[in-house]
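Before any comments, here is the structure.
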Amino acid sequence: MNITEIFHSIQGESTHAGRPCVFVRLTACDLRCRWCDTEYAFTQGAPMELNDVVEKVAAYGCALVEITGGEPLLQAGTPDLCRTLLARGFEVLVETGGHRDISVLPEGVRVILDVKCPGSGESDRNDPENLDRLRPGGEVKFVIADRPDYEWAGSMVRERNLADRFPVLFSPVFNELAYETLAGWILEDRLPVRFQPQMHKHIWDPKRRGV
């Protein structure tokens with residue numbers, strides 16, 4: 001597997017925000033979202049054996065693990081990594097862009113499905129069938145850049161009854177959409193979603209890696 005970094009931090013997003021978590025950031029992504037904050041994961045990284053990855057994760061003594069990227073489902077070894085971590089007793093999250101079939105992941109993995117809004121420049125890559133493949137324990141995330149993104153995501157939530165099935169996260173693009181603005185839209189529309197800032201960018205320097 002090609003690994004960009006493995007580090008121990010505070011989970012800054014999802015319903016698990018605030019929990020200590022080990023992050024396994026895999027290398028490579030086939031999307032180019034306009035607001036991406038991890039472009040270094042497109043190409044940086046080095047090969048590691050699966051067992052070495054698991055042992056490095058275990059050395060942190062933390063039960064929660066998130067496999068992220070880049071796009072983790074680009075790597076054929078990701079399902080086996082998930083199975084091995086689950087068998088070792090870890091709670092496993094996988095954050096994926098949602099354009100690749102999540103059914104390859106084993107039962108027990110909690111998928112955070114990052115559905116791409118038009119403002120990302122990659123919304124045409126979404127695989128809508130993933131919303132039907134998502135299992136209990138999964139979450140749906142929308143990164144919101146502006147009012148058109150908000151309206152698009154809100155329509156998706158309503159038309160697919162997403163909030164009745166999963167936690168739905170609305171995350172403002174950092175330093176682009178004001179928190180107060182997005183929070184106001186959600187309250188005004190009585191939209192049953194969770195406002196989700198990126199907590200780690202308020203704890204540490206937003207440009208700092210490995211946190």
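The values are calculated or read from the model by the stated rules, or taken from the named source; none is laboratory data. Everything numeric in this text was worked out from a predicted model, so none of it was measured. All Cβ positions, glycine included, derive from the backbone under ideal geometry; neighbour counts span all protein chains shown.
The table that follows gives values for the structure above.
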| read-out | value |
| --- | --- |
| Qualifying residues in region 124-148 (those that are of a type in the set (Gly, Ala, Ser) and either modelled with pLDDT under 95 or under 30 Å from residue 85 (Cα atoms) (or both)) - the one surrounded by the most Cβ atoms within 10 Å (Cβ to Cβ) | 138 |
| Residues being free of Cβ contacts under 8 Å to residues at least 60 places away in the same chain, out of contact with any Gly (no Cβ under 7 Å at 6 or more places or on another chain), under 17 Å from residue 167 (Cα atoms) and of a type in the set (Asp, Glu) - total across region 105-140 | 1 |
| Members of region 26-48 that are touching a residue at least 24 places away in the same chain (Cβ under 8 Å) and of a type in the set (Asp, Glu) | 30, 37 |
| Any hit, region 5-20, residues being acidic (Asp, Glu), in contact with a helix residue (DSSP H, G or I) (Cβ under 9 Å, 6 or more places away or on another chain), at pLDDT 95 or above and in a strand (DSSP E or B) | yes |
| Whichever residue in region 74-101 is in contact with a helix residue (DSSP H, G or I) (Cβ under 7 Å, 6 or more places away or on another chain) and assigned to a helix (DSSP H, G or I) and, among such residues, is surrounded by the fewest Cβ atoms within 10 Å (Cβ to Cβ) | 80 |
| Some residue of region 40-60 being part of a loop (DSSP other than H, G, I, E, B) and either buried (at least 22 other Cβ atoms within 10 Å of the Cβ) or under 18 Å from the mean Cα position of the chain (by Cα) (or both) | no |
| Residue, modelled with the highest pLDDT, within region 149-206, restricted to residues that are among the acidic types (Asp, Glu) and part of a loop (DSSP other than H, G, I, E, B) | 189 |
| Search result, residues across region 102-148 that are polar (S, T, N, Q) and either over 30 Å from residue 62 (Cβ atoms) or assigned to a strand (DSSP E or B) (or both) | 120, 123, 126 |
| Number of the exception - residue 117 against (1) within 22 Å of residue 144 (Cβ to Cβ); (2) over 16 Å from the mean Cα position of the chain (by Cα); (3) of a type outside the set (Phe, Trp, Tyr); (4) buried (at least 23 other Cβ atoms within 10 Å of the Cβ) | (2) |
